[in-house]
Amino acid sequence: MENKNAKQLLLWGLAFIFLILVFQNIKAPPVEKEIPYSEFKAKVKSGEVNEVRVRPDLIRGELKAPGGATQRFKTFPMPDLKLVEDMEAAKVPHFQGEADRSWVMSLIVNVGWIVLFFGLWWIFVVRQVQVGGKQAMSFGRSRARLVDDKKAKKTTFADVAGCDESKEELQEVVEFLKNPEKFQKLGGKMPRGVLLFGAPGTGKTLLARAVAGEAGVPFFMASASEFVEMFVGVGASRVRDLFDQAKKAAPSVIFVDELDAVGRHRFAGIGGGHDEREQTLNQLLIELDGFEQNQGIILIAATNRPDVIDPALLRPGRFDRQIFIPVPHLKGREEILKVHAKNVKMAPEADLSIVARRTAGFSGADLANVINESALLAARKNKEAVELADLEESIERVMAGPKKSSNLMSDPEKKIVAYHECGHALVAKLLPHTDPVHKVSIVSRGHALGYTLQLPKEDKYLTTRTEINNRLAVLLGGRSAEEMVFSELTSGDADDLSKATAFATRMVVEFGMSDRVGPLSLKKPEAEIFLGRDIAQKAGYSERTAEIIDEEVKRIVDEAHGKARELLQKNRKVLDELAAKLFEVEILSGEDIDAILKAAVA
C-alpha cells in the first residue's frame, strides 16, 4: 500500500513539472498592429519597413517609428508577385519567408490539454477502479494458508508427546487418509470432522499438523475469525472457497483454529439469526453435511470452549470425533520436556524427571516455556549448559513471574509480608492432605510481594471436602498471621480472599458439599446471553436458597479462618522463628522449614 501511494505521488509530481515546463515555453505573442495590405505596400515604398516575415497566409514585420522606435505589425497578403521586387527596390533591411506552423501550436493548445486530462484520468481513476474491482472479486476468497511440508519441517506424531490416547484416536484418521479403501470395502465412511478441545496450550494445533504430516496430504490452516467480516456474505463465501481448494487437493486436511469464533450457539445475540457470523456457520454446516460428498477431506477444528459450540456442529455426520486433549500427566510432562530439550544443551545433573514432578498442572506450552526460560537464564549467566537451578528458577518465573529487584520494601512492610507468607507455609505444614511446601519467598515476583510455592507430589483428579477445607485454611493462614501478630489487616489479602470465596462457593453450588443446601447443583450454565430471554431470567433457585448459599459460603470461610488462626496461635513460637529467618534470608526452602519445625519440637 505504501509503495502504491509513493508511485501515485511520483506520477502527480511529474505531471505538475510537465505543466510548469509547458507554461514556461509558451511565450506570450507580441502586440501587433494590424494594417491593410495597401498601407503595408505604401510603407514599403516609402522605406518605413524595417523587417518582414512572409507566410502564405500572413505577413508580419517591424515598422520604423519616429525617434528610432519600432512597432510590430501584421497584414493579410494579396496575390502580389511584385512584392519582393518592391522590397528590394525600397532596400528593406531584412525580409524572409516563414513556414505555416500555426496549426501545430493550435493543436498543442487545444488538443494537448484534452490528451493530458484523459491520460491522468486513465492513470488515477480507471486503473484504480480496475484494481478495486479485482480486489472486490477476491474479497470472498479464503485466507487459509497451505502448509507446504516440502519447504517446512514435516510434523509427525513423534513431535507430539504427553497425549498418547489422543494420538491413538487420530491415528485412525491418518489411516483413513492413507488408505480409505481399507475401510470403504467394509462399508465404513471417512469421518468428516474432528473436534479437538481442551485447555489452552495443550497441543491441539500441533496434533492437527501431525495428522497431515503423518498422512502426507496438503494441510490448509485457517483461523475461524478470518471468515467473519463486516460485509454480509463474505464469511460464507470464504468457507465455500476453502472447501473448493481442499477438494482440488484431496485427500487433504482443513484445520480451523478457535472454532467458537463462528461456531457459537445460533440465535444467542442481538440481531437475531441473520448476522454475518451465523451465515458463516450455516455455510460450514452445509459443507460438512450438504448434498455433496466431500470425499477425502477431513475438517479438524480446535476450541477451548466446547460448551458454547452450536449443537448442530457436534452431531454425528459433522464432527464425528470429539477428542479431549488433557493437561499432561507426570509421564507425559517428562516426555514433553524431552521433546523441547532436544536442541538445548543440558547439564548432566539437570534431571527432567524432577522438573516433571514439580510442574503438575502445566500445559505443553507452559513446559516449552520452562525449557526456553531456563536456556535464557543460563545464557544470561554465561553458563556452558542449563543446570537444574536454572530449570527451577524458570518454573517460578512461569508460575509467579520474574523477580523484581527494583521493588524494595521498607522493613515494616517486609516484616508484614514475612509473617503473611510464613502463616501460609506453617498452616500447610501442620495440616494433612495439603501439597508440600517447596519454597517461601519475600522477593517480589510479578504482582506478588511474596509467595509460598506448593508443589504436589503426584497428579490428582479428585479432591475431597477435607482437602478443600484444608486448602482454604492455608489460603487464610496469611491473613490470620497478620491479625494475630499486628492486630491489623492489609490489602495484601485480596487475592487469598478471592480464591477462598471462589472455592467455598463451588463447594456449595457445584460440588454439593454443604449439608444445608444438600446434594444440589445450583451452578448456572455458562452460555451466551440472549437478549430478551436471559437478561430477565432469574436464577434456578429462590431468594431464600440464595440467602442460604451466602450463609454457607460465609460459614465455610469463617471455619477455615478459625482453623488457621487456632493452629498459628498454638505454634506462635515456630511462626516467629520462621518469620525472623525469612526476614533475614528472604527465601526459605521446604528443607529449611522442616529443620526449624524439627528444632522447635525437640
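Among the residues in region 189-198, are any modelled with pLDDT of 85 or more and part of a helix (DSSP H, G or I)?
No, region 189-198 has no match at all.
Can you find a residue in region 2-22 that is part of a loop (DSSP other than H, G, I, E, B), modelled with pLDDT under 75 and not hydrophobic (A, V, I, L, M, F, W, C)?
Scanning region 2-22 turns up no residue that is part of a loop (DSSP other than H, G, I, E, B), modelled with pLDDT under 75 and not hydrophobic (A, V, I, L, M, F, W, C).
Look at region 559-593 and say how many of its residues are assigned to a loop (DSSP other than H, G, I, E, B) and either surrounded by 21 or more Cβ atoms within 10 Å (Cβ to Cβ) or of a type in the set (S, T, N, Q) (or both).
1
Quick one: would you say Lys523 is of a type in the set (Lys, Arg), part of a helix (DSSP H, G or I) and either assigned by TED's automatic domain parsing to the domain that holds Glu543 or in contact with an Asp or Glu (Cβ under 6 Å, 6 or more places away or on another chain) (or both)?
Here the answer is no, as Lys523 does not meet what is asked.
This table checks each residue for (1) modelled with pLDDT under 80; (2) surrounded by 23 or more Cβ atoms within 10 Å (Cβ to Cβ); (3) more than 15 Å from Ile286 (Cβ to Cβ); (4) touching a helix residue (DSSP H, G or I) at 6+ places or on another chain (Cβ under 8 Å).
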site	(1), (2), (3), (4)
Ala215	yes, no, yes, yes
Pro218	no, no, yes, yes
Met230	yes, no, yes, yes
Gly233	yes, no, no, yes
Arg240	no, no, no, yes
Phe255	no, yes, yes, yes
Gly263	no, yes, no, yes
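Output the number of residues of region 379-404 satisfying the condition of being of a type in the set (S, T, N, Q) and touching a residue at least 12 places away in the same chain (Cβ under 8 Å).
1
Which of the residues belonging to region 477-516 are surrounded by fewer than 12 Cβ atoms within 10 Å (Cβ to Cβ) and assigned to a helix (DSSP H, G or I)?
Matches in region 477-516: Ser491, Ala494, Ser498, Ala502.
Only residues that are part of a helix (DSSP H, G or I), of a type outside the set (Phe, Trp, Tyr) and either at pLDDT below 70 or surrounded by fewer than 16 Cβ atoms within 10 Å (Cβ to Cβ) (or both): list them for region 26-78, please.
The answer is Ser38, Glu39, Ala42, Lys45, Ser46, Pro66, Gly67, Gly68.
Could you look through region 460-476, keep only residues that are part of a loop (DSSP other than H, G, I, E, B) and more than 20 Å from Leu582 (Cβ to Cβ), and pick out the one that is modelled with the highest pLDDT?
The residue in question is Thr464.
Hey, among Ile587, Ile596, which residue is in contact with a helix residue (DSSP H, G or I) (Cβ under 6 Å, 6 or more places away or on another chain), at pLDDT below 90 and not assigned by TED's automatic domain parsing to the domain that holds Arg264?
Ile596
Out of region 29-70, which residues are closer than 19 Å to Ala89 by Cβ and of a type in the set (A, V, I, L, M, F, W, C)?
Selection gives Phe40, Ala42, Val44, Val49, Val52, Val54, Ile59, Leu63.
Taking region 360-388 only, how many residues are hydroxyl-bearing (Ser, Thr, Tyr) and farther than 14 Å from Thr202 by Cα?
Here the count works out to 1.
Being at pLDDT 80 or above, outside the structural domain of Lys338 (by TED's automatic domain parsing) and either crowded, with 20+ Cβ neighbours inside 10 Å or more than 22 Å from Ala250 (Cβ to Cβ) (or both) narrows it down to one residue among Leu177, Leu206; which is it?
The conditions single out Leu206.
When region 327-357 is examined, which residues are found to be crowded, with 20+ Cβ neighbours inside 10 Å and part of a loop (DSSP other than H, G, I, E, B)?
Pro328, Ala341, Ala350
Kindly list, by first and then second residue, each pair from a residue in region 30-55 that is without any contact (Cβ under 8 Å) to a residue 40 or more places away in the chain to a residue that is part of a helix (DSSP H, G or I), limited to pairs with Cβ atoms under 8 Å and residues at least 6 apart or on different chains.
From residues that are without any contact (Cβ under 8 Å) to a residue 40 or more places away in the chain, there are no pairs.
Here is a list of conditions, (1) crowded, with 19+ Cβ neighbours inside 10 Å; (2) touching a Gly at 6+ places or on another chain (Cβ under 9 Å); (3) within 21 Å of His561 (Cα to Cα), and Ser444 meets all of them except one; can you say which number that is?
(3)
Those residues that are of a type outside the set (A, V, I, L, M) and free of Cβ contacts under 8 Å to residues at least 12 places away in the same chain, I need them from region 56-74; list them, please.
Pro66, Gly67, Gly68
Name the residue, out of Lys414, Lys429, Lys457, that is of a type in the set (D, E, K, R) and assigned to a loop (DSSP other than H, G, I, E, B).
It is Lys457.
The values are calculated or read from the model by the stated rules, or taken from the named source; none is laboratory data. Owing to the predicted nature of the structure, the values given are computational and were not obtained by experimental measurement. Glycine also receives a Cβ, built like all others from the backbone with ideal geometry; neighbour counts cover every protein chain displayed.
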